[in-house]
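**Student:** Pasting in a structure now, in structure tokens, and then I'll have a few things to ask.
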Amino acid sequence: MKKFKVLGGGCRNCEVTANAITQAAREAGVEIELVKVTDMAEILGFGVMSTPGVVLDGKVVHAGSIPGPDQIRAWVRE
Amino acid sequence: MFDAFARLVAFQVLRLSPESHLGAAIHFFVMDVVKIFVLLVLVIYVMGLLRAMLSPERVRAFVRDRPDWQARGMAVTLGAVTPFCSCSSVPLFIGFVEAGIPLGVTFSFLIASPMINEVAAVILVGVLGWKLAALYVAAGLLVAWFGGIAMQAFRPERWVEDYVWKIHMGEAAMIEPDKSLMGRHRYAVGEVREIVGRIWLWVLIGVGVGALFHGFVPAGWVTAHLGGDDWYTVPAAVLLGIPLYSNATGIIPVAEAMLGKGVAVGTTLALMMSVAALSLPEMLILRKVIRWQALALFAGVLAVAFTLVGWGFNLIT
């Protein structure tokens with residue numbers, strides 16, 4: 001199962017990102033685990049300063065904006 | 001072109017008289033909405049294609065381990081081309097502190113970033129012309145430079161929350177961008193969507209306020225009271241701007257209407273900077289990393305700097 005983490009201090013863009021990933025997974029029929037990380041120490045621990053960031057299976061794959069729909073679909077499926 | 005279209009809508013389709021208040025306001029509104037949105041989409045798309053926007057992670061890598069003046073110069077200029085969501089200001093602040101970047105330099109960056117950006121600069125040129133755009137950018141750089149130095153003088157380190165010093169940042173995530181033409185195009189379209197989606201409401205409100213000012217405020221009253229002869233108009237403009245917040249692009253049409261009616265240049269610049277850079281909600285976000293003494297100092301330093309810049313420009317223009 002793919003493990004997603006959405007990094008961000010709880011702003012609107014982070015919510016939008018988390019929801020988009022959940023929805024893309026549901027549409028693709030893929031089961032995922034998604035955790036929202038709001039703890040600053042952990043966010044910076046990933047080397048991310050610009051939120052929202054996305055971590056997939058322990059690796060940072062995106063930072064600084066809401067990821068595009070194509071990108072999210074690719075993460076969920078690959 | 002934009003003017004012709006706005007005339008068509010206001011005076012032909014809606015049959016308003018160009019001399020009426022409403023006619024003037026509607027003409028202004030239509031012209032600015034169309035012009036600013038066309039420019040916005042164009043500029044953001046081109047910047048996106050060139051991948052001209054920097055990530056804060058990259059700025060941090062550039063600025064760290066440099067002598068103070070160099071670090072500050074870079075922070076100020078890079079701040080102008082680094083857009084970031086205000087919700088990022090906390091991790092950004094911590095990341096800079098962790099890299100050993102002096103707080104004064106970090107503040108310079110935090111001042112420059114919301115106030116100046118390449119998108120607003122191009123729209124300023126399109127709406128207000130080269131001269132004012134250059135003035136605004138120069139004023140913004142000055143304030144960011146000296147504002148950071150002033151903050152440093154108060155030794156703001158003592159007001160940083162303790163946990164900030166303990167955070168250790170991981171290897172900075174540098175995501176390799178897709179450099180193919182298609183990848184650039186996709187990125188550019190994404191940027192247009194993201195940025196326009198974030199600021200369209202500010203722009204509409206700004207144009208609305210500008211249109212009302214343009215249509216309904218009599219020029220005679222403006223020249224008499226806001227022409228720049230009274231010293232207190234500049235601090236008043238700064239105070240007015242503190243509770244008001246708009247994106248740097250959204251305030252441009254307001255400035256256009258004010259200048260058109262004869263408000264002094266310095267007074268207008270002071271209001272623009274105060275509205276764009278001094279915002280209470282954004283300051284409160286920073287409360288997570290610095291204590292309120294530092295926040296009050298930050299607001300105070302900015303207010304004084306905007307006032308000085310406003311007076312300065314009123315004197316020389």
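Any read-out appearing in this document is the output of simple, stated calculations on the displayed coordinates, not a laboratory observation. Here the structure is a predicted model, which means the values were calculated and not measured. All Cβ positions, even for glycine, are placed from backbone atoms using ideal geometry, and neighbour counts span all protein chains on display.
**Student:** Could you name the aspartates and glutamates in cross-link range of A:LYS2, using Cα to Cα under 16 Å and dropping any fewer than eight places away on the same chain?
**Tutor:** A:GLU27, A:GLU31, A:GLU33, A:ASP57, A:GLU78
**Student:** Still on this structure, I have one more. Peptide A:50-58: average number of partner chain Cβ atoms within 10 Å per residue?
**Tutor:** So the per-residue partner count for this stretch is 4.
**Student:** Peptides A:55-68, B:260-273: what's the order by average Cβ count within 10 Å, highest mean first?
**Tutor:** B:260-273, A:55-68
**Student:** Where the centroid of each part is defined by its Cα atoms, how far is segment B:63-126 from segment A:29-45 in Å?
**Tutor:** Cα centroid of segment B:63-126 versus Cα centroid of segment A:29-45: 27 Å apart.
**Student:** Across chain B, where is the longest run that never hits GluC sites (Glu not before Pro) in a DSSP loop with at most 10 other C-beta atoms within 10 Å?
**Tutor:** B:20-170
**Student:** Considering amide H positions built from the backbone, and no H for Pro or chain starts, which residues 5 or more places from A:VAL60, or on another chain, come under 5 Å of its amide H?
**Tutor:** Result for A:VAL60 returns nothing.
**Student:** What residue among A:GLY45, B:LEU308, B:SER108 has its Cα farthest toward the positive end of the dipole of the protein assembly as shown, where the charges are +1 on Lys, Arg and -1 on Asp, Glu, each on the Cβ?
**Tutor:** A:GLY45
**Student:** While we're looking at this one, here's another question. From the helices alone, meaning DSSP H stretches of at least four residues, give me the mean residue ellipticity at 222 nm for chain A, per-run term -39500 (n - 2.57), in deg cm²/dmol to the nearest 500.
**Tutor:** Value at 222 nm, helices only: -12500 deg cm²/dmol.
**Student:** Please compute the volume of the convex hull spanned by the alpha-carbon atoms of the protein assembly as shown and report it per residue in Å³.
**Tutor:** 143 Å³
**Student:** Rank the residues B:LYS131, B:LYS35, A:LYS2 as a footprinting-exposure proxy: fewest other Cβ atoms within 10 Å of their Cβ go first.
**Tutor:** Least to most surrounded, the residues fall as B:LYS131, A:LYS2, B:LYS35.
**Student:** What list of whole percents do you get for P(r) of segment B:179-257, with Cα-Cα distances grouped in 5 Å bins up to the one holding the largest distance?
**Tutor:** Histogram of Cα-Cα distances, whole percents per bin: 3, 13, 15, 18, 16, 10, 7, 6, 5, 4, 3, 0.
**Student:** GNM, chain B, Cα, under 10 Å: largest mean-square fluctuation among B:LEU302, B:LEU49, B:LEU181?
**Tutor:** Among B:LEU302, B:LEU49, B:LEU181, the largest mean-square fluctuation in the Gaussian network model of chain B belongs to B:LEU181.
**Student:** May I pose another question? Identify, among B:ALA4, B:ALA237, B:ASN117, the residue whose Cα sits farthest towards the positive end of the charge dipole of chain B, taking +1 on the Cβ of Lys and Arg and -1 on the Cβ of Asp and Glu, with the dipole about the Cα centre.
**Tutor:** So the residue we want is B:ASN117.
**Student:** GNM on chain B, C-alpha springs below 10 Å: top fluctuator among B:PRO235, B:PRO114, B:PRO281?
**Tutor:** Checking each option, the largest mean-square fluctuation is seen for B:PRO281.
**Student:** Next question, about the same structure. In debye to the nearest 20, how big a dipole does the protein assembly as shown give about its Cα centre with +1 on each Lys and Arg Cβ and -1 on each Asp and Glu Cβ?
**Tutor:** 240 debye
**Student:** How big is the charge dipole of segment B:159-317 about its Cα centre, in debye rounded to the nearest 20, if each Lys and Arg gets +1 on its Cβ and each Asp and Glu gets -1 on its Cβ?
**Tutor:** Dipole size: approximately 220 debye.
**Student:** Per DSSP H run of at least 4 residues, take -39500 (n - 2.57); add these up for chain B, divide by its residues and hand me the 222 nm value, nearest 500 deg cm²/dmol.
**Tutor:** Rounded to the nearest 500, it is -23000 deg cm²/dmol.
**Student:** Run the dipole for chain A about the Cα centre, Lys and Arg Cβ at +1, Asp and Glu Cβ at -1, nothing else charged, and hand back the magnitude in debye, nearest 20.
**Tutor:** Result for chain A is approximately 60 debye, rounded to the nearest 20.
**Student:** Right, next: Among B:PHE216, B:GLY129, B:MET258, which residue has its Cα furthest toward the positive end of the charge dipole of chain B, with +1 on Lys/Arg Cβ and -1 on Asp/Glu Cβ?
**Tutor:** Result: B:GLY129.
**Student:** Still on this structure, I have one more. How do B:HIS27, B:HIS225, B:HIS185 rank when sorted from fewest to most other Cβ atoms within 10 Å of their own Cβ?
**Tutor:** So the ranking, lowest neighbour count to highest, is B:HIS225, B:HIS185, B:HIS27.
**Student:** Which of B:LEU110, B:LEU50, B:LEU128 ends up with the largest GNM mean-square fluctuation for chain B, with Cα atoms connected below 10 Å?
**Tutor:** Result: B:LEU50 has the largest fluctuation of those listed.
**Student:** For segment A:2-77, divide the Cα radius of gyration by the Kirkwood radius and give the resulting Rg/Rh value with two decimals.
**Tutor:** Rounded to two decimals, Rg over Rh is 0.93.
**Student:** May I pose another question? Please report A:MET49, B:MET47, B:MET182, B:MET74 as a ranked list, fewest other C-beta atoms within 10 angstrom at the top and most at the bottom.
**Tutor:** Ordered by Cβ neighbours within 10 Å, fewest first: B:MET182, B:MET74, B:MET47, A:MET49.
**Student:** What is the extension gain from B:HIS185 to B:PHE5, computed as 0.36 nm multiplied by their sequence separation minus the C-alpha to C-alpha distance, in nm to one decimal?
**Tutor:** Here the segment from B:HIS185 to B:PHE5 would lengthen by 61.8 nm.
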